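Here's the structure we're looking at; comments come further down.
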Amino acid sequence: MTLSMLNVPVLRRIAQRFMPTTLDRYLINQVIPPFAIALAVVMTALLLERLLVLFNLLAAGNNKLGTFVELLTALLPHYLGLAIPAALCVSVFAVMRRMSQNEEIDAANSSGLSLLRITRPYIQLGVVLGVVSFLLYGFIQPHARYDFRAAFYFASHTGWAPRLQPRMFARPSSDLTLVAEDVTQSGSELKNVFIHDTSEHQERNITAHTGHIRLAPDGSTVQLDLEDGIMVSDSGDKAPTLTTFQHSTRYLTHAAQTAPFRERGEDERELTSPELIRNLIHRSGNIAQPHMWSELHFRLARSLTIPFIPLLATALAMARKRQRNNAGLPIAFILMVSFDHILQFGHSMVATKKLSVLIIWLPALVFIALCVALLLYRSGTFDLWRARGTKSTATRPA
C-alpha cells in the first residue's frame with residue numbers, strides 16, 4: 001500500500017471535519033445581517049468627518065461632483081479596513097448574546113457541543129475577513145491612499161474659483177480687474193459689471209448691465225458672459241474706439257496649470273506589501289528601512305488578530321442567567337480601541353526610534369492570548385482542567 005493511499009482517508013477526515021454542518025450554516029446566516037448593518041453604520045460614522053471636509057472643498061474650489069465621488073471612493077478602502085473588525089465584533093456579540101438569553105447555548109452544550117465548537121464558524125469567518133483585511137492593507141489601501149492624495153491635490157489646485165462679492169474688486173490675473181455692483185447666486189450672477197483689461201498691449205474698459213461668470217465647458221478657462229454692454233478700447237497709438245454689444249463672452253483667465261502630482265511610493269503607506277519586501281531586500285527606494293520594516297509588520301499584526309475577535313465577542317456576550325444588562329460590548333470596544341492605539345504607537349516607535357518589531361508583535365500576542373483565555377474561561381475549560389488535576393492528585397498513591 002502506497003503512502004498516497006494512506007493519506008486519502010486522513011485527508012477525507014480532515015475535509016469532513018471542516019465541512020459546515022447545519023449548526024454552522026445557521027450561525028453564519030444569523031451573523032450576516034447584523035454584520036452588514038454594523039459595517040454600514042461604522043463606515044458612515046467614520047466617513048462623516050471627511051464628508052464635511054470634502055463638501056467644503058467641493059464648494060470652495062468650484063469642483064465638479066465627480067471630483068467629490070472620486071475622493072470618497074478613494075477613502076472607502078481605508079475606512080473599510082477599520083470598520084471590518086468593529087463590525088465583526090458587534091455582529092458576533094449580538095448573535096451570541098441573543099442565543100445566550102434564549103438558552104440556545106445551553107441546548108447546544110447539553111448536546112455535547114462546547115462553546116469553542118459553537119464559535120468555530122465565526123472563527124472561520126474571522127480567518128476569511130483577516131485575509132480580506134490583509135489584501136486591503138497590503139494591496140488596495142496603498143493605491144487608494146495615493147489616488148486620494150492625487151485627487152485632493154488636483155482639487156485643491158484648480159486655479160481661481162469663479163466667485164465674487166458685491167462692490168469688491170477681484171483680480172483673477174495680473175492684467176485684469178473685475179467688480180460688480182450686485183452679486184447673486186453665490187457669486188456667479190452679476191449686475192452692473194465693470195472690467196479693466198490691460199492685456200495684449202491694450203487698455204479696455206468694459207461695462208455691462210448683467211453678467212454670468214462660470215467655468216468653461218472644458219474646465220480649463222473661466223469665462224464671463226456679458227449682456228447689454230459698452231467697451232472702450234485704447235491701444236495708445238490710435239484713437240480710442242467705443243463698441244456696444246448685446247452679448248459678449250470674455251475669457252477672464254486660464255485655469256492654473258497644475259504641476260503633475262508626484263509618483264506613488266514617496267510614503268511607505270503607498271507601497272504594497274510585495275513592494276515593501278522588495279525594497280527591504282534590495283535596500284532600494286528613498287524611504288528609510290525602519291519605516292518600511294515597521295509598516296510591513298504593522299499590516300501583518302493587524303491582519304493576524306482579526307480571526308480572534310469572535311472569541312473575544314463570544315466570551316463577553318455570555319452573561320449570568322436572568323441578567324439583562326451586560327457591559328460586554330463596551331468592554332470589547334475599549335479593549336479593541338486600546339489595542340489599536342497601542343499597535344499604532346508601537347508602529348511609530350519602530351519607524352522613528354528604530355526599536356525592535358517586538359513592540360508591534362507583543363501587544364498583538366497579548367491580545368490573542370487574552371481572547372483565547374476569556375473564551376476558555378467562559379466555556380469552563382479552566383474549571384475542567386482544575387478538576388482533572390485535583391482528581392489525578394487524589395488518586396495518586398501515597
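One residue alone among 333, 308 is more than 22 Å from residue 276 (Cβ to Cβ) and modelled with pLDDT of 95 or more, and that residue is 308. In the set (1) at pLDDT below 95; (2) of a type outside the set (Gly, Ala, Ser); (3) open to solvent by less than 50 Å² (accessible area, probe 1.4 Å), the condition left unmet by residue 21 is number (3). With respect to (1) among the small types (Gly, Ala, Ser); (2) closer than 21 Å to residue 374 by Cα; (3) at pLDDT 95 or above, the lone exception for residue 108 is condition (3). Considering only residues in the range 189-207 that are on the phi < 0 side of the Ramachandran plot and of a type in the set (Asp, Glu), the one that is farthest from the chain's Cα centre (by Cα) turns out to be 203. Close Cβ contacts (under 6 Å, 6 or more residues apart or on different chains) running from residues in the range 332-350 that are within 16 Å of residue 365 (Cα to Cα) to residues that are open to solvent by 50 Å² or more (accessible area, probe 1.4 Å) comprise 346/359. Among the residues of the range 302-337, none is identified as crowded, with 21+ Cβ neighbours inside 10 Å and more than 23 Å from residue 31 (Cα to Cα). Within the range 257-268, residues that are open to solvent by less than 70 Å² (accessible area, probe 1.4 Å) sit with their Cβ atoms under 7 Å from residues that are modelled with pLDDT of 85 or more and part of a loop (DSSP other than H, G, I, E, B), at 6+ positions apart or across chains, in these pairs: 265/271; 268/287.
Checking each residue in the range 275-284 for being touching a helix residue (DSSP H, G or I) at 6+ places or on another chain (Cβ under 9 Å) and open to solvent by 60 Å² or more (accessible area, probe 1.4 Å) picks out 277, 283. Of all residues being more than 19 Å from residue 246 (Cβ to Cβ) and surrounded by 14 or more Cβ atoms within 10 Å (Cβ to Cβ) in the range 217-232, which is modelled with the lowest pLDDT? Just the residue, please. Selected residue: 221. Highlighted here are the helices (runs of 4 or more DSSP H) found entirely within the range 76-190 that include at least 3 residues which are open to solvent by less than 70 Å² (accessible area, probe 1.4 Å) and more than 30 Å from residue 325 (Cβ to Cβ): 115-135, 141-156.
Would you confirm whether or not the range 356-363 contains a residue that is open to solvent by less than 80 Å² (accessible area, probe 1.4 Å) and in a loop (DSSP other than H, G, I, E, B)? Within the range 356-363, one or more residues are open to solvent by less than 80 Å² (accessible area, probe 1.4 Å) and in a loop (DSSP other than H, G, I, E, B).
For the condition farther than 30 Å from residue 263 by Cα, open to solvent by 50 Å² or more (accessible area, probe 1.4 Å) and at pLDDT below 85, what is the one hit in 212, 201?
201
The values are calculated or read from the model by the stated rules, or taken from the named source; none is laboratory data. Since this is a predicted model, take the numbers as computed values, not measurements. Neighbour counts are summed over all protein chains in view; Cβ atoms, including those assigned to glycine, are modelled from backbone coordinates with ideal geometry. What goes into the accessible areas is simple: the full protein's heavy atoms, side chains included, and nothing from ligands, DNA or RNA. Shrake-Rupley method; radii C 1.70, N 1.55, O 1.52, S 1.80 Å.
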